[in-house]
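Heads up: the structure comes next, in structure tokens.
Just so you know, all these numbers are worked out from the coordinates, no wet-lab data involved. Every value quoted in this text rests on a predicted model; they were computed, and no experiment measured them. Cβ placement follows ideal geometry from the backbone for every residue including glycine, while neighbour counts extend to all protein chains displayed.
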Amino acid sequence: MGPGQKYLLGPAAPVQHLQIEPASLPETYGTRTLLLAPRDPHWLYAHWDIAPQEQRRYSAMAVGRHLVLRVYERAISGPPAAEIHLRPDARHWWVYVPRAETQYVADLGYLLPGGLWENLATSEIVATPPDTVSQDTKVQFATIEPLTPPPAAGGTPPSGGSTVATTEPLAPPPAAGGTPPPDGGSTVAATELLVPAPAARGTPPSGGTSMVATAERLAEAPTLDLPASPPHPQPRLRPVPTPPAASQAAALAQIVANAPLCQPVPGSADIAQLLEAQAGLQLGPQAVAESAFPSLAGVFAGISSPSAHPSMGQAPADAGGQPPKDFWLNVNAELVLYGATEPDAHVAIGGQPIRLRPDGTFSYRLALPDGNYDVAVTAVSADYEYRQVTLHFSRRTDSPAFTPP
Amino acid sequence: MPGYLSLVLHAHLPFVRHPEHEKSLEENWLFEAITETYVPLLQLLGRWQQQDLNLRLTLTLTPTLCAMLQDPLLCERYLRHLDGLIQLAEKETCRTRWEPAFHDLALFYLDRFNRARDYYLACQGGLVAAFRAFQDQGRIEIITSTATHALLPLLAAHPPSVRAQVLAARDHYRACFGRDPRGIWLPECAYVREIEPALLEANLRWFIIDSHGLLRARPRPCFALFAPIFTPNGIAVFGRDLLSARQVWSRHEGYPGDPSYRDFYRDIGFDLDFDYVKPYLPAVDKRGFTGIKYHRITGPSSHKQAYDRKAALDTADTHAAHFLQARCAQLQPLAQTLDRPPLLVCPYDAELFGHWWYEGPEFLDSLARRATANPQALTLITPEDYLRRHPANQLAAPAPSSWGEGGYWHVWLNEKNQWLYPHLHFAQRRMTELARRFRQPDPLHARALTQAARELLLAQSSDWPFILRTGTSPAYARKRATDHLLRFTALYDQLSNGQLDLPWLAQIESRDNLFPDLDYRYWS
């Protein structure tokens, strides 16, 4: 039994197919809840689980006969950051919010005559991601204890490590329970998360140290038996002296100045989006789908040329990838050689042995480009009798200019 | 030594297994990847081992991919598929005898398929074990991902779901590789801070995010992308290098679009007589890819020239040299600025190399050989190696981010797939409700609970909303997500009313059979 074999279940499925599960997903779960999810720094997705008939009933009582979605910063108070008057049949909404790196909460309800707000559901608080580089340039370095020593086999690490010096105190970690706070803000003391530096045999608390020493000490640690590691290990951060980061940051900013640093780089999903349309022009989405991995579906339409292929089921395209408007015709030709002999004979076509079917018959295709061809079919029986047949072929393709009748 | 280069290949396919059908179009995703990527990669590792080339490569093998590679039904079907390919290639060597350029290629494919078959049989179909052996020898480092490649930020509102995805992946990794994973590939590099408790519980020490996620960390990382940071929880975070990503991924500038490379879409499954290729097509009633392709990209016109294998390999070698030169040029000024050797982290989808970019494995081979031949230029390293050599890193909180379009969750939460999100939301809560209600179930109820957990994991796969977004096979993705949710709902109802349907349970157990030792209590 090899690795992982115990995880194998039987390969065979029951022959009979049983259909127990419901035919479709429920329209509602009857919870009257409001889901809110950030999609990016400026868009939230809101969905409310309210039965359509119930929603119609509430809408009928509302001013304007529709529900309203209000989105607030941090808490439901003050003027909302967004207020959407919903279509009567809407079950979800995409909400634009102005501020990245901000907490939002949503309220679903409706307005009664007189301006009174009737709440139906309130979402959890969510946070939008930041969309800018932090202005906080405080630098704090730390190391983790314990680090796992190198594996038993493998590469020899080259020499590494440098001597560094402390320049800054610990940077505060982000606030617990929400978005990282604005630069400089902190509600959790760094020392709550960081293990104090040991007094001996390690990095001195300040004033410069050699990281080589730390690395060497860690490399000397006894080999851990990984499966026996504690069930809930917690890496322990230990502050170490910090390199003179300010000057480095400035130099790095210069080095990477030509790159759009904070523009997302294409990935498989992204390129799929960019090229999927082109792939569709070539083979149609279905054709792409048939052999396209989900992770890269359509990604490398660019690996092909942007034009279509003159395959048998496909119209050629112009250089821009657009299907031609003109009528088109692709023609090609192949030969099919077929025959039969004793089932135990050895047959070759043009000197190349071929397989016979159990009854001694055979058939083989040959592409037939323009030209003249001779092909010899030979057969040798089990008692070494020999037969040969030579066939002669010629193909010429004429493609005269089309003349309308 | 100016700096480090860390190549990370992410191998993943969604769990696709259809014993209810004799032939399944989507199972071909796995078969093509085995022939064109996984086996060539293993063969490459084998050559490096024979020549004692010490190349440090990081590889993700996702739990769903491992489960499929170990599944007897899929292994048997793969061999049948490969036998069909060999038969087709044999026919092609005869059919193309009057087309010399194609004839040579037919012989090439026949040889290649036979070699793949020999390798597969030699390791008895145990590709996961083969990768494990290379890790045990210290040749590669294998990291895990989430159980079914769920996009964790969209589960973050339900911590038990994040926990279950991570711990189930950790458990599966242990079973496959006999050790704990140290790194995790966050699906789509998608990160939010709320996932960290689960990573800590699984003792996962590092992951990779996209460049903007690192550059927007709070406070600002002083080494930009060229060194990892530690989150306040002590997990190391590496940022994807911008320039090397574009050099490979970009359609206009990327290497894979070179005219001399093999044209992916020009396949005899589309070119030749339908009756001739029909027995070898992924689906019986429609044209599709066979894997035999005779043309090179050539250029923008519709005329395609025959693929010249030698010229393509020469190009791959040239591109590898260019890639290496570009990285060295990138590292040189950084090395003079940083107080430590700068690091470039270059993650790619593994299936790019071989399947989409046919010459990709040869590119990797050339790149690795050139890098090891010139150690003064740069050093190939894994992120884990880096942390051992440079255990002190800056503390900062990375920014929520993903790779891909928009840089956040737009691909997996948009108008085409948003319908899925609420159903997952309620199923997740129901799973936790079940896990808390059934603390000590009898064996039958335990089976039902475990199967409910499996169905939920499968429904959470990021592949379904991704496919719905890209539109490549939306009907299949919709059906898969819906089927798993429906099965989960039926199990929830049966467990709630105390009436288990055992024949049906056995049926879905045999169909969705991954993670047999899954612990449903992770959701409690």
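Over the stretch B:1-138, Cα pairs under 8 Å with separation of 6+ residues give a relative contact order of 29 percent.
If you count, for every residue in B:182-194, the Cβ atoms of partner chains within 10 Å of its Cβ, what is the mean?
The mean count of partner-chain Cβ atoms within 10 Å per residue comes to 2.
Derived scalar couplings between HN and Hα for the stretch B:84-100 equal x, 4, 5, 4, 5, 5, 4, 4, 5, 5, 7, 4, 9, 5, 9, 10, x Hz in order, rounded to whole Hz, by the Karplus curve 6.51 cos²θ - 1.76 cosθ + 1.60 (θ = phi - 60°), x for Gly and Pro. Note on the stretch B:145-201: percent of Cα-Cα distances in each 10 Å bin, starting at 0 and stopping at the bin with the largest distance, equals 26, 59, 14, 0.
Dipole magnitude for the stretch B:412-523: computed about the Cα centre from +1 point charges on Lys and Arg Cβ and -1 point charges on Asp and Glu Cβ, it is near 260 debye.
How high is the relative contact order of the stretch B:230-334, in percent, with contacts defined as C-alpha pairs under 8 Å that are six or more residues apart? Mind showing how you got there, number by number?
Working: 107 pairs, mean separation 23.9, N = 105.
RCO, the stretch B:230-334: 23 percent.
Could you list B:E405, B:E362 in order of exposure, starting from the residue whose Cβ has the fewest other Cβ atoms within 10 Å?
On the way: B:E405 20, B:E362 23.
Going from sparsest to densest Cβ surroundings: B:E405, B:E362.
Annotation: amide H of B:L5 within the under-5 Å range of B:L344, B:T379, B:L380, B:I381, sequence separation 5 or more or interchain, hydrogens built in the peptide plane.
Once you keep just the Cα pairs under 8 angstrom separated by 6 or more residues, what percentage relative contact order results for chain B?
Worked out over chain B, it gives 22 percent.
Here the stretch B:132-258 yields Rg over Rh of 1.00, to two decimals, using C-alpha coordinates and the Kirkwood radius. Overall form of the stretch B:234-286: oblate. Here a/c, set by the Cα gyration tensor axes a ≥ b ≥ c, is 1.5 or more, and a/b is not larger than b/c.
Computed over the Cα atoms of the stretch B:98-193, what is the ratio Rg over Rh, Rh following Kirkwood?
Numbers: Rg = 19.8 Å, Rh = 16.4 Å.
Looking at the stretch B:98-193, the ratio lands at 1.21.
For every other residue with a beta carbon closer than 15 angstrom to the beta carbon of A:R387, add +1 if it is Lys or Arg and -1 if Asp or Glu, then tell me the sum.
Working: positive: none; negative: A:E342, A:D344, A:D383, A:E385.
Overall, the nearby charge balance is -4.
The residues B:S145, B:S510, when put in order of fewest to most other Cβ atoms within 10 Å, stand as B:S510, B:S145. The Cα atoms of the stretch B:303-433 cover 58, 54, 25 Å along the three principal axes, with the biggest extent listed first. Close amide H pairs (under 5 Å, H built 1.01 Å from N) link B:E141 with B:L57, B:T58, B:L59, residues at least 5 positions away or on another chain.
Close amide-amide hydrogen proximity is noted between A:V240 and A:F141, A:A142, A:T143, each under 5 Å apart and 5 or more residues distant or on a separate chain (H modeled in the peptide plane; Pro and chain starts excluded). Quick one: grab the alpha carbon gyration tensor of chain B, order the square roots of its eigenvalues as a ≥ b ≥ c, and give me rounded if a/c is under 1.5, else prolate or oblate depending on whether a/b is larger than b/c. In terms of gyration-tensor shape, oblate.
Express as a percent, rounded to the nearest 5, the fraction of DSSP beta bridges in chain B (both residues included) that run antiparallel. Numbers along the way, then the final one.
Details: 7 of 35 bridges.
If I count the DSSP bridges inside chain B, around 20 percent turn out antiparallel.
Kindly rank A:67-73, B:476-482, B:391-397 from highest to lowest mean number of other beta carbons found within 10 Å of each residue.
On the way: A:67-73: 21.7, B:476-482: 20.0, B:391-397: 25.6.
Averaged packing, sorted descending, gives the order B:391-397, A:67-73, B:476-482.
With θ taken as phi - 60° and the Karplus curve 6.51 cos²θ - 1.76 cosθ + 1.60 applied, the whole-hertz 3J(HN,Hα) list for the stretch B:207-217 is 8, 10, 10, 6, 4, 5, x, 7, 5, 9, 5 Hz, x standing for glycine and proline.
Value of Rg to Rh for the stretch B:412-523, rounded to two decimals, is 0.99; Kirkwood radius and Rg both from alpha-carbon coordinates. Taking the charge dipole of the stretch A:334-395 about its Cα centre, with +1 at Lys and Arg Cβ atoms and -1 at Asp and Glu Cβ atoms, the residue from A:T341, A:G351, A:A382 reaching farthest to the positive side is A:G351. For B:C176, B:C123, the sequence from fewest to most other C-beta atoms within 10 Å is B:C123, B:C176. With all pairs of separate Cα atoms included, the stretch A:34-127 yields a Kirkwood hydrodynamic radius of 13.2 Å.
Taking a 25 Å limit on the Cα-Cα distance, which of the listed pairs B:K23/B:K310; B:K293/B:K416; B:K23/B:K416; B:K286/B:K479; B:K91/B:K293 fall beyond it? Walk me through the intermediate numbers first.
Values: B:K23/B:K310 35 Å; B:K293/B:K416 34 Å; B:K23/B:K416 29 Å; B:K286/B:K479 20 Å; B:K91/B:K293 14 Å.
Check vs 25 Å cut-off fails for B:K23/B:K310; B:K293/B:K416; B:K23/B:K416.
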